[in-house]
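S.K.: Handing you a structure now.
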Amino acid sequence: MDRIPILRMGKFLLVTIQIDLYDRLATNLESDLIQAVNKTEARGVLIDISALSIVDSFMGRILGNIGSMAKIMDAETVVVGMQPAVAITLIELGLELKGVHTALNVEKGMDLLKDRIGEEPEETEDDENSTE
Amino acid sequence: MKIEKEQDVIPFRNRVKEYAVKIGMSLVNQTKLITAASELVRNMLKYAGGGTALIEVVSDNRNSGIRLLFEDRGPGIKDVDLAMKDGYSTGKSLGLGLPGARRLVNEFDIKSKPGEGTIVSILKWKNG
Ligand SMILES: Nc1ncnc2c1ncn2[C@@H]1O[C@H](COP(=O)(O)OP(=O)(O)OP(=O)(O)O)[C@@H](O)[C@H]1O
Ligand SMILES: [Mg+2]
């Protein structure tokens, strides 16, 4: 396997990382996602990393890159399911996941995305719940 | 274990994990150790074109832990104190690897000679 499937759900793209990624797979995912956001004009990207046993500076950088590139194309990125031990380790390592939101699970991540971009296009005008 | 290419990183991490599980290391400590190990093998690959990594179980009468030794014959590091600083990188990167790895383990020792190579040794106790 050298590609991770990207699922489209309406305005969102969903990626579930099921194994610890080889670097090649991670960089492929980065470019595939950017292309997919561009092609589908997605407004949100949700990445489920609950199966990742560690996030080192390399993987952290990939996630950050995805977040900032997606942002340029007007899409928000949320990383969900980070294991507590991974979160603790990231903080001590000193890595900030810049440019991405985080949520506990896929459901909460979806809520967050809907909240950020507005469920329906017309809702974006009076979006009071935006979590800034 | 020889570390020569990017594909060696995950098998190596898995190996460390096996040892950590075997001695009953807590999950948080396992994660910290493996993350530190990942940073150090990456440095070996990126800056020294590879090297060797050694896994060792250590114990004194109170505690047991895992020591990892990373040895390469790359270009070495001219100013180790500088390389240990957060944000210092000659690879246009974040410069987090070395200082971050030090924060994640109980003991961290680095020796490097320009032109000869670099040896990094880390130790993580099972508890604490
Ligand atoms: N094994 C090594 N051989 C030669 N130089 C090294 C080695 N390991 C680290 N260095 C030097 O030390 C610097 C700092 O390393 P460190 O891992 O902290 O940061 P980085 O690898 O540049 O960035 P990051 O790890 O955040 O991606 C490197 O930029 C490199 O110049
Ligand atoms: Mg590094």
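S.K.: Please rank B:Ile55, A:Ile72, fewest neighbouring Cβ atoms within 10 Å first, as an exposure proxy.
M.R.: Working: B:Ile55 16, A:Ile72 11.
In increasing order of surrounding Cβ atoms, one gets A:Ile72, B:Ile55.
S.K.: What list of ³J(HN,Hα) values in whole Hz, one per residue of region A:97-112 in order, does the Karplus curve 6.51 cos²θ - 1.76 cosθ + 1.60 (θ = phi - 60°) give from phi, with Gly and Pro shown as x?
M.R.: 7, 6, x, 10, 8, 10, 8, 5, 8, 4, 4, 5, x, 4, 4, 4
S.K.: Still on this model: Just checking the output field for B:97-110: average partner chain Cβ neighbours within 10 Å of each residue's Cβ? Walk me through the intermediate numbers first.
M.R.: On the way: counts 5, 0, 2, 8, 4, 0, 5, 5, 1, 0, 0, 0, 0, 0.
Average per residue, whole number: 2.
S.K.: Using only Cα atoms, what Kirkwood radius does region B:16-69 have, in angstroms? Before the final figure, lay out each step's value.
M.R.: Details: mean 1/r = 0.0839 Å⁻¹.
It is 11.9 Å.
S.K.: So what's the gap between the Cα centers of region B:13-64 and region A:1-43, to the nearest angstrom?
M.R.: For region B:13-64 versus region A:1-43, the Cα centre distance is 30 Å.
S.K.: If you don't mind, there's one more thing I want to ask. Among residues other than B:Ser64 whose Cβ falls under 12 Å from its Cβ, what is the net charge (Lys/Arg +1, Asp/Glu -1)? Mind dumping the intermediate values first?
M.R.: Working: positive: B:Lys22, B:Arg62, B:Arg67, B:Lys124, B:Lys126; negative: B:Glu56, B:Asp60.
Result for the neighbourhood of B:Ser64: +3.
S.K.: Sticking with this one: Amide H to amide H under 5 Å from A:His101: which residues, 5+ apart in sequence or cross-chain, H placed 1.01 Å off N in plane?
M.R.: For A:His101, whose amide H was placed from the backbone, the distant partners under 5 Å are A:Thr77, A:Val78, A:Val79.
S.K.: Taking a temperature of 10 °C and a viscosity of 1.306 mPa s, what whole-number D in µm²/s does Stokes-Einstein yield for the protein assembly as shown with Rh from Kirkwood over alpha carbon pairs?
M.R.: Working: Rh = 19.5 Å.
D, rounded to a whole number, is 81 µm²/s.
S.K.: Given the options A:Glu30, A:Glu107, A:Glu76, which has the most mean-square fluctuation in a GNM of chain A, springs set between C-alpha atoms less than 10 angstrom apart?
M.R.: A:Glu107
S.K.: How large is the helix-only mean residue ellipticity at 222 nm for chain A, computed as the sum of -39500 (n - 2.57) over DSSP H runs with n ≥ 4, divided by its residue count, in deg cm²/dmol to the nearest 500? Please report the intermediate quantities before stating the final value.
M.R.: Numbers: 4 runs with 56 residues, N = 132.
Result for chain A, helices only: -13500 deg cm²/dmol.
S.K.: Over 30 Å between Cα atoms, which of A:Lys39/B:Lys85; A:Lys39/B:Lys17; B:Lys2/B:Lys113; A:Lys98/B:Lys111; A:Lys11/B:Lys46; B:Lys2/B:Lys124 qualify? Could you put the intermediate results ahead of the total?
M.R.: Numbers: A:Lys39/B:Lys85 41 Å; A:Lys39/B:Lys17 40 Å; B:Lys2/B:Lys113 21 Å; A:Lys98/B:Lys111 32 Å; A:Lys11/B:Lys46 38 Å; B:Lys2/B:Lys124 21 Å.
The pairs that break the limit, which is 30 Å between Cα atoms, are A:Lys39/B:Lys85; A:Lys39/B:Lys17; A:Lys98/B:Lys111; A:Lys11/B:Lys46.
S.K.: Helix-derived [θ] at 222 nm for chain B: sum -39500 (n - 2.57) over DSSP H runs of at least 4, divide by residue count, nearest 500? Walk me through the numbers on the way to the answer.
M.R.: On the way: 4 runs with 48 residues, N = 128.
That calculation yields -11500 deg cm²/dmol at 222 nm.
Values quoted throughout were computed directly from the atomic coordinates according to the rules given, and no laboratory measurement underlies them. Just so it is clear, the structure is predicted and the values come from calculations on it, not from any experiment. Note that we place each Cβ from the backbone using ideal geometry, even for glycine, and neighbour counts take in every protein chain shown.
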